Amino acid sequence: SVQNGASATFTTTTLADADEVSVVVTDGNSCVATSSIITTTVNVLPTLALSGSTGPMSCGGSDGTITLSTTGLSDGSYTVDYAGGTLTMAVLGNVGTISGLASGTYNDITITETNCTSVADIDVTLSDPTPPTAGISSSDGDNIICDGDSVTFTATGGTNYDFLLNGVSVQNGASATFTTTTLADADEVSVVVTDGNSCVATSSIITTTVNVLPTLALSGSTGPMSCGGSDGTITLSTTGLSDGSYTVDYAGGTLTMAVLGN
């Protein structure tokens, strides 16, 4: 006997497999009768416990794994539930392995077997490898050049380098250097770096100031009006110079040049 009295109900959470429950009933006349027997099949409650996880070997890869210790499960393949859907778990020797996973969050992992659901909700986050640190430098220290000057940009941090000029790819490959003589004023150069794990990072931007290259072309000259005089002139056509006074160099030193309307 596990309960005797006026209550017509008996509640338990401790039934074992094949336990038999019956009841002996006594009425108001002290007459007694025994019920039939109810035999209950109690299935083992499966359990899952997180024992480890590894993220994908490469960025964007799908070879991450979650490893679980299990009880109540025979060796074989099972479907487990999580917040995002279902996954396949292989069990061998009370070790469950879920493989082929991308980076992401796998929350509320449970398993239901013979209508019994594991109690613990397991949460796992898988991450891609750490992305590279993309670096870029310019051969021109102050990033101020004259039109047509050659500039070399050097990248660091990966195995593949996609150089961008104003956001548009101009060189993509294993070379970590990009050389150009065609920069325009305020052009922006950056680089997208990819490492050996297929992880990607973008560098900072280098903005270059390109000053106009001044030009001089001889258009005429006159000698002094008198021997020993100092009233000779050289006339030059110019580009890239505003009206004003400038110092020009020559083999013997410097001269002053007045510019008016090129």
Put a dot 7 Å past each Cα toward the Cβ at Thr209 and Thr88; how far apart are the dots in nm?
6.3
Treat each spin label as a single point 7 Å out from the Cα along the C-beta direction, and report the Ala217 to Ser137 distance in nm.
4.1
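Report the net charge of residues surrounding Val212, where surrounding means a beta-carbon distance below 14 angstrom and charges are Lys +1, Arg +1, Asp -1, Glu -1.
On the way: positive: none; negative: Asp147, Asp149, Asp185.
Neighbour charge sum, excluding Val212 itself: -3.
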By what distance, in whole Å, do the Cα atoms of the stretch 173-262 stretch along each of the three principal axes, largest value first?
80, 25, 19
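Nearest 0.05, what FRET efficiency do Ile234 and Asp149 give at R0 = 25 Å with Cβ-Cβ as r? Don't skip to the answer; put the middle values down first.
Details: r = 27 Å, r/R0 = 1.10.
Efficiency, from the Cβ-Cβ distance: 0.35.
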Inter-probe distance in nm under a simple model that places probes 7 Å from Cα toward Cβ, at Ile38 and Thr13
1.8
Extreme residue, positive dipole direction of the chain, given options Pro46, Val200, Cys146 (C-beta unit charges)
Cys146
Take the Cα atoms of the stretch 1-50, build their convex hull, and give its volume per residue in Å³.
86
17 Å cut-off, amide nitrogen to a point 7 angstrom out along Ser103 Cα→Cβ, residues in the stretch 41-62
53-62
Cysteines in the chain lacking a second Cys C-beta under 4.7 Å
Cys31, Cys116, Cys146, Cys227
Percent of C-alpha pairs per 10 Å bin, the stretch 1-101, short to long:
12, 28, 17, 14, 14, 9, 4, 1, 0
Centroid-to-centroid separation of the stretch 195-262 and the stretch 78-119 [C-alpha atoms, Å]
74
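Using the alpha carbon gyration tensor of the stretch 116-195, what are the three equivalent-ellipsoid semi-axes (square root of 5 times each eigenvalue), largest first, in whole Å?
On the way: eigenvalues 357, 27, 23 Å².
Square roots of five times the eigenvalues give 42, 12, 11 Å.
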Volume per residue (Å³) of the convex hull spanned by the alpha carbons of the stretch 106-262 is 177
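On full extension of the chain, what length is gained from Leu50 through Thr202, given 0.36 nm per residue of separation minus the C-alpha to C-alpha distance? Intermediate values should be presented prior to the final figure.
Details: separation 152, 0.36 × 152 = 54.72 nm, distance 3.57 nm.
Length gained between Leu50 and Thr202: 51.2 nm.
Can you give the Rg to Rh ratio of the chain, both from alpha-carbon atoms, with Rh computed by the Kirkwood formula?
On the way: Rg = 42.2 Å, Rh = 27.5 Å.
For the chain, the value is 1.53.
How high is the relative contact order of the stretch 71-153? Use alpha-carbon pairs under 8 Å, at least six apart in sequence, and give a whole percent.
Working: 109 pairs, mean separation 16.3, N = 83.
Relative contact order of the stretch 71-153: 20 percent.
Each reported figure results from applying straightforward, stated rules to the coordinates on display, with no laboratory input. Keep in mind that what you see is a predicted model, and the values were worked out from it rather than measured. Counting neighbours? That spans all protein chains shown, and the Cβs are built from the backbone with ideal geometry, glycine included.
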